[in-house]
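The structure under discussion appears below in the form of structure tokens.
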Amino acid sequence: MNGYFQLMITDQGTGIKVFAATEGGVSITTPDVREYLDKRSITYDIVALDNAVSAANGSVAMINATPLMPERESCRLTVSDDEMTVTGYFYPPSDGKKGEEMSADEVKKDLAFQKITYGIQEETIKAFFAKREYCKEIVLALGKKVREGSDASIEYLFSTDMHAKPELKEDGTVDFFNLNLISHVQEGDEVAKLTPEDPGEDGWNVYGKPVMPQKVKHLDLKGNKNTKLSEDKLTLTATVNGHVSLSANGVVEVSNVFTVPEVGVSSGNINYDGSIVINGDVDSGYEVKASGDIEVKGSVSGAILRAKGNVVLTRGMNGMTKGEIHAGGNVVTKFLEAATVRAGGTVSAESIMRSTVFAGAEIYVDGKRGFIAGGQVSAKERITAKTLGSELGVNTLVEVGADPTLKESVKKMQAEIADAEKKKEAIQEPLANLLRKLKAGVTLTPEQLKYLQQLNMQNKILDGLIEKNTKACDDAKQQMKDAKRAEVIVNETAYPGTTIGIADYTRDLKTPVKYSRFIIDEGEIRIAGL
């Protein structure tokens, strides 16, 4: 039982009795008593009060010589910050001149007066009045806690890794081709499963107002024509034998596989709605386009390869300054020379020479050679290589961070937002005037009604454009902010002639740098250890 105190009202003055806590209860403190007295404007001798609290023996200690009216039994109500709990702290009535006692109905009326209506703890209140325990927090009302939900999630039953990296074999060579980037499926195979969102359940605070759970993310399974969605929309199944991949916009792409011996004079250009496996070479001047993956088991000259999925080259590409690779996913190749490559995921190679390469995730160059020399290589997150540049000082630009086109996109979107806001401002006055007339009961002419409809439609279109561009702009700015966490890793040597770029910062190397990481620190590119 907690310690508590009780006023003693006499004709000679006011005293106080302080009772010690029992059975592990909480002792009363001087501030507890002072709060009670101050609130009731009762004067007191602080020394006498301190002595009474310290002794806590139940004897009467006089704290002033002023006779007072009896003090009723009372209750201090406290509502928690989240408005989910109300506690009562009861004080006993004065002794000597006996104060009145409260009733359970009075407590309930006090709660109602403060508009506390939900979760009244009837049994707890009843129990208090059956066995009064003072100076103790008692829960008088309890809200219903909100049950938070969870976002929907999709389990893809195939590899969606956009950061695929080759493994270093025991002999020091790199296994670029056992990455399981291309996922084979059979008709009837499940390729994705959806766990729907759980919206959660509303709670109620003690004032009887609903407390909403946080919004959760809704997802839908999306597949192409070679997939089938179950009736409950929770499972996606392949309807053909082929390859499966995930597109940038979240569509599961199951594609048929088209196999050709080689691409050249005998085949011409290839454009296939599916995945393509080329068992031989791809000659210069030809183009191969696939809605799925492209796998070339021979070599590639100055050709153009376009795939929405991954591109895997068993040997490599000598682009002869006109060869290009465009992949929505990853690019894995033995080497790149005089080529232009753009990948949505990771680019992995053993060497990159005089090429322009961009990766939406990483560029990983390793193996016995493991060098990047000449040209420009860019990645959003990280570039890792054994060697950058060469002893001959060949100019090599290595950049990490946001997509270089991002800044221009932000400027364009900001200009579109400003233009839309200007147009929106221009239509507000005529729109408001017509709406005021309608509200006042004025009959509008057919021309005015048509004009009102046009203004309303234009207003909605402009609002949508502003909202869409604002979100895209915020996302782009966040990407540029994240870009400052990007890094360049050199596992052996970066030679003079190499320029390192991270986000908006650049650094030209004047001397060789070994075994280092290039990072942004305190507004400049610094060299850190591995």
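The values are calculated or read from the model by the stated rules, or taken from the named source; none is laboratory data. Quick caveat, the model's predicted, so the values are computed rather than measured. Glycine also receives a Cβ, built like all others from the backbone with ideal geometry; neighbour counts cover every protein chain displayed.
Points worth noting:
- Every test in (1) surrounded by 14 or more Cβ atoms within 10 Å (Cβ to Cβ); (2) touching a residue at least 60 places away in the same chain (Cβ under 8 Å) is passed by Ala248 save one, and that test is (1).
- If the condition is being surrounded by 18 or more Cβ atoms within 10 Å (Cβ to Cβ) and either outside any strand (DSSP E or B) or modelled with pLDDT under 65 (or both), then the range 139-156 contributes Gly143, Val146.
- Members of the range 3-35 found to be part of a loop (DSSP other than H, G, I, E, B) and surrounded by fewer than 18 Cβ atoms within 10 Å (Cβ to Cβ), listed by number: Asp11, Gln12, Ala20, Ala21, Thr22, Glu23, Gly24, Gly25, Val26, Ser27, Thr29
- Conditions (1) assigned to a helix (DSSP H, G or I); (2) of a type outside the set (Lys, Arg); (3) touching a Gly at 6+ places or on another chain (Cβ under 7 Å); number of the one not met by Met62: (1)
- Selection count where residues are over 22 Å from Gln479 (Cα atoms) and surrounded by 11 or more Cβ atoms within 10 Å (Cβ to Cβ), scope the range 515-530: 4
- If only residues of the range 339-353 that are surrounded by fewer than 24 Cβ atoms within 10 Å (Cβ to Cβ) and free of Cβ contacts under 8 Å to residues at least 24 places away in the same chain are counted, the one that is farthest from the chain's Cα centre (by Cα) is Met353.
Listed here are the residues, each with its yes/no results for (1) over 22 Å from Gly99 (Cβ atoms); (2) at pLDDT below 95; (3) touching a Pro at 6+ places or on another chain (Cβ under 7 Å).
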site	(1), (2), (3)
Asn2	no, yes, no
Gly13	no, yes, yes
Thr22	yes, yes, no
Ile28	no, yes, no
Asp32	no, yes, no
Ser59	no, yes, no
Thr66	no, yes, no
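This table checks each residue for (1) buried (at least 18 other Cβ atoms within 10 Å of the Cβ); (2) at pLDDT below 95; (3) out of contact with any helix residue (DSSP H, G or I) (no Cβ under 6 Å at 6 or more places or on another chain); (4) not hydrophobic (A, V, I, L, M, F, W, C).
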{"site": "Asn256", "(1), (2), (3), (4)": "no, yes, yes, yes"}
{"site": "Val265", "(1), (2), (3), (4)": "no, yes, yes, no"}
{"site": "Asp281", "(1), (2), (3), (4)": "yes, no, yes, yes"}
{"site": "Ala303", "(1), (2), (3), (4)": "yes, no, yes, no"}
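Residue-by-condition table, conditions (1) of a type in the set (Lys, Arg); (2) part of a strand (DSSP E or B):
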site: Leu194; (1), (2): no, yes
site: Val206; (1), (2): no, no
site: Pro213; (1), (2): no, no
site: Val216; (1), (2): no, no
site: Lys225; (1), (2): yes, no
site: Lys228; (1), (2): yes, yes
site: Leu236; (1), (2): no, yes
site: Ser255; (1), (2): no, yes
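- Restricting attention to the range 258-284, the residues that are closer than 17 Å to Gly223 by Cβ and not in a loop (DSSP other than H, G, I, E, B) total 2.
- A count restricted to the range 352-387 and to residues that are touching an Asp or Glu at 6+ places or on another chain (Cβ under 8 Å), closer than 18 Å to Glu324 by Cα and of a type in the set (Gly, Ala, Ser) stands at 4.
- Total residues in the range 365-385, condition surrounded by fewer than 24 Cβ atoms within 10 Å (Cβ to Cβ) and either assigned to a loop (DSSP other than H, G, I, E, B) or under 29 Å from the mean Cα position of the chain (by Cα) (or both): 10
- All positions within the range 505-522 that are farther than 25 Å from Lys481 by Cβ and touching a residue at least 24 places away in the same chain (Cβ under 8 Å): Leu509, Lys514, Tyr515
- Strands (runs of 3 or more DSSP E) within the range 415-530 that include 2 or more residues among the hydrophobic types (A, V, I, L, M, F, W, C) and either closer than 30 Å to Ala373 by Cα or outside the structural domain of Gly374 (by TED's automatic domain parsing) (or both): 487-494, 498-502, 513-521, 524-529
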